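Everything on this sheet refers to the single structure shown next.
The values are calculated or read from the model by the stated rules, or taken from the named source; none is laboratory data. Remember, it's a predicted structure, so these values are computed and weren't measured experimentally. Backbone-built Cβ (ideal geometry, glycine too); neighbour counts: all protein chains shown.
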Amino acid sequence: MIASARDSTASRRSSSAVFDGLLATSVIFSFTRGVGSSQLTSLAFFFQVANIPGDVYLDDISFVIGSTPTVGENVLVNGDFEEPLIPTWRVGGSASNTVLTTAVAHSGTASVHVVFVPSAALSLTNFAQSFPALTPNTNYTLSFWYLSGTNGTNFSFRLNSLFTGFIDPRSRLYSPGEPNSGTASLPPYPALWLSEVQPDNIGTIADNAGDNDPWLEIYNGGPGALSLDGYFLANQYSDLTQWPFPPDAAIAPGQYLLVWADGEPGESTSADLHTNFRLNPTNGSVALSRTVNGAPQIVDYLNYRDVGTNRSYGTFPAGQSSFRQVFYFPTPRGTNNPAAPPVTLFINEWMAANAAFVRDPTDQDFDDWFEIYNPTTNRVDLTGFTLTDDFARPRKAVVPAGVTVPPQGFLLVWADEESGQTQTNGDLHVNFKLSQSGEQIALYDPAGRLIDSIVFGAQTDNVSQGRWPNGGPAPFYFMPTPTPRASNMIPAANPPVLSIGLGPNQLVTLVWTAQAGRSYLVQYKNDLNAADWIDLGGPVNAIGSTALKVDQSNGSQRFYRVILVP
């Protein structure tokens, strides 16, 4: 005897039947050998694994003479379940919860929801039907429709010990290592793409009514013109046919077709199309779809977030769906422009030895820090920018969404290896620390272009180093009065020539005006009447217009002088 099955399991892009609006699967078992009348007298359905609950919907069970499913007189009674289950079907034991339902049906108005509970008695008569003896040496074909329930595998049918088979009723959209679940002829996808979207347009381009409204753009990458009749746009996936293109709408080869997504369809003309929905200005979606076999099919889509005012979002290069990005320069009706925005930012001040100067407000630790300065009059969004202390690893720390540098203001960055402490509208925390012996800091834009970098040498406890004035070029200056989140300060050049700063733990910082490239020697006395001055370490080589020396005075009264070394 031979049992064969044809499986047309439903998938998103295969042919399938509709089981009252839900995808269903047809499985047909054909017995191609005549059987004796004593062999087949009942049909039973059950789940073979008794300790696992299972359920499945069945409809249109047919057991007919011949090799063609459903053709001929059905041996079974009430196989379409349009009448009460009892008395034609036996229901009990582990299948006692089995009921007729009108929630789904392959044909007619009802199907049977077969429910097996493993705690109850398991028997081949739990869900079964007996029938008269069959004609010997005659072919019969059993067929039925099923729809997966919530659980259960190895759903079995049994005519006798020799005629037993099973199916896996679970819905699957794939079949690795098995024959493909189904085939169908589908129309090829057109070379039609969502190219660009501008959800918050306040000055880029005006529509035919003079309004600065949101817009989207479609690109035809194919060699010929394409009719848009039967295509749709939507700003939600729950209603893909939200706005249909007019029947006469078309797009030429290589054209970037602009559509106003402003919720004002009454303004549409043949040259300016307006949708019946409006794009969300901050976070949203756009779907381009068509109708295939009576159902909508997505052709392309865009999900955007935090694009920004007068910025756009889309694809580059054109004609693909893998690479999407924010565009600083929107290009309505034209090729997208990935050029970087003219960002001007500076790493303005840093402290690699914050022993006791300022605490991180998040955890009260004395952590390393540096400062980013924005000299422009526009707020700069740092989303996607990267920071590093290693030029070989430019993407070491990626700035999360929502971090900005105010116009002509400062962003404090804690180099504390605690990036999880970053909070919206607060300081930024990165996953690296600074070395007191000297290293580097660099800032890159989202495309990997270097915005600013600095290299610094050995640092002194509680003394910062940075640019003066703010954003100024090298040389960098040591600052005995650090100014995190504020403009940098160095001692005035004239007067005084020498400035003394007192810090915690009797730390004295001396800063004086100097000539770059010259050397200076700092000396001190604890008693001004003492005969000799004592050298405070070795000479200091000036690299800018000021020089600095730090002294741990230990609370002593001291007098200082600075001598230019010949």
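Below are the figures for this structure:
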read-out: Failed item in (1) surrounded by fewer than 20 Cβ atoms within 10 Å (Cβ to Cβ); (2) under 41 Å from the mean Cα position of the chain (by Cα); (3) not in a loop (DSSP other than H, G, I, E, B), with Val114 passing the rest; value: (1)
read-out: Exclusive hit being modelled with pLDDT under 90 and not charged (D, E, K, R), set Thr388, Thr377; value: Thr377
read-out: Residues within the stretch 148-166 that are in contact (Cβ under 8 Å) with a residue 12 or more places away in the chain and out of contact with any Asp or Glu (no Cβ under 8 Å at 6 or more places or on another chain), tallied; value: 10
read-out: Members of the stretch 191-214 found to be more than 17 Å from Thr275 (Cβ to Cβ) and in a strand (DSSP E or B), listed by number; value: Trp193
read-out: Subset tally (residues that are surrounded by 14 or more Cβ atoms within 10 Å (Cβ to Cβ) and under 23 Å from the mean Cα position of the chain (by Cα)) for the stretch 324-365; value: 8
read-out: Set Ser487, Ser464: member being assigned by TED's automatic domain parsing to the domain that holds Glu439 and closer than 30 Å to Thr404 by Cβ; value: Ser464
read-out: Options Ala234, Ala287, Ala191, Ala249; residue that is small (Gly, Ala, Ser) and more than 21 Å from Ser321 (Cα to Cα); value: Ala249
read-out: The stretch 370-385 - residue that is of a type in the set (Ser, Thr, Tyr) and free of Cβ contacts under 8 Å to residues at least 60 places away in the same chain and, of those, nearest to Asn348 (Cα to Cα); value: Thr376
read-out: When residues of the stretch 192-214 are limited to those that are closer than 17 Å to Tyr328 by Cβ and charged (D, E, K, R), the one surrounded by the fewest Cβ atoms within 10 Å (Cβ to Cβ); value: Asp200
read-out: Complete set of residues in the stretch 303-312 that are part of a strand (DSSP E or B) and either touching a residue at least 40 places away in the same chain (Cβ under 8 Å) or in contact with a helix residue (DSSP H, G or I) (Cβ under 6 Å, 6 or more places away or on another chain) (or both); value: Tyr304, Arg305, Ser312
read-out: One residue from Val511, Val565 being in contact (Cβ under 8 Å) with a residue 24 or more places away in the chain and loosely packed, with under 13 Cβ neighbours inside 10 Å; value: Val565
read-out: One residue from Thr275, Thr241 being free of Cβ contacts under 8 Å to residues at least 60 places away in the same chain, surrounded by 12 or more Cβ atoms within 10 Å (Cβ to Cβ) and under 26 Å from the mean Cα position of the chain (by Cα); value: Thr241
read-out: Any strands (runs of 3 or more DSSP E) falling wholly within the stretch 458-566 and containing at least 3 residues that are at pLDDT 80 or above and either of a type in the set (A, V, I, L, M, F, W, C) or out of contact with any strand residue (DSSP E or B) (no Cβ under 9 Å at 6 or more places or on another chain) (or both); value: 507-513, 546-552, 559-564
read-out: Among (1) touching an Asp or Glu at 6+ places or on another chain (Cβ under 9 Å); (2) surrounded by 13 or more Cβ atoms within 10 Å (Cβ to Cβ) - the single one Asp390 does not satisfy; value: (2)
read-out: Residues satisfying the stated conditions in the stretch 215-234, i.e. surrounded by fewer than 23 Cβ atoms within 10 Å (Cβ to Cβ) and assigned to a loop (DSSP other than H, G, I, E, B); value: Gly221, Gly222, Pro223, Gly224, Ala225, Asp229, Gly230
read-out: Filter result for Ser119 (out of contact with any Asp or Glu (no Cβ under 9 Å at 6 or more places or on another chain), of a type in the set (Gly, Ala, Ser) and at pLDDT 75 or above); value: no
read-out: Residue list for the stretch 418-457, filter: among the polar types (S, T, N, Q) and out of contact with any strand residue (DSSP E or B) (no Cβ under 8 Å at 6 or more places or on another chain); value: Gln423, Thr424, Asn425, Ser435, Gln436, Ser437
read-out: Qualifying residues in the stretch 88-102 (those that are assigned to a loop (DSSP other than H, G, I, E, B) and in contact with a Ser or Thr (Cβ under 8 Å, 6 or more places away or on another chain)) - the one surrounded by the fewest Cβ atoms within 10 Å (Cβ to Cβ); value: Thr102
read-out: Any hit, the stretch 275-289, residues being farther than 30 Å from Val403 by Cβ, small (Gly, Ala, Ser) and in a loop (DSSP other than H, G, I, E, B); value: no
read-out: The stretch 154-163: number of residues that are modelled with pLDDT of 75 or more and of a type in the set (Ser, Thr, Tyr); value: 1
read-out: Test for Asp452: is it farther than 12 Å from Phe370 by Cβ and among the acidic types (Asp, Glu); value: no
read-out: Single condition Asp59 does not satisfy, out of (1) in a loop (DSSP other than H, G, I, E, B); (2) buried (at least 18 other Cβ atoms within 10 Å of the Cβ); (3) of a type in the set (D, E, K, R); value: (1)
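Conditions (1) in a strand (DSSP E or B); (2) touching a helix residue (DSSP H, G or I) at 6+ places or on another chain (Cβ under 7 Å); (3) in contact (Cβ under 8 Å) with a residue 40 or more places away in the chain, marked per residue:
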{"site": "Tyr301", "(1), (2), (3)": "yes, no, yes"}
{"site": "Gly314", "(1), (2), (3)": "yes, no, yes"}
{"site": "Pro332", "(1), (2), (3)": "no, no, yes"}
{"site": "Val343", "(1), (2), (3)": "no, no, yes"}
{"site": "Asn348", "(1), (2), (3)": "yes, no, yes"}
{"site": "Ala355", "(1), (2), (3)": "no, no, yes"}
{"site": "Gln364", "(1), (2), (3)": "no, no, no"}
{"site": "Pro394", "(1), (2), (3)": "no, no, yes"}
{"site": "Ala401", "(1), (2), (3)": "no, no, yes"}
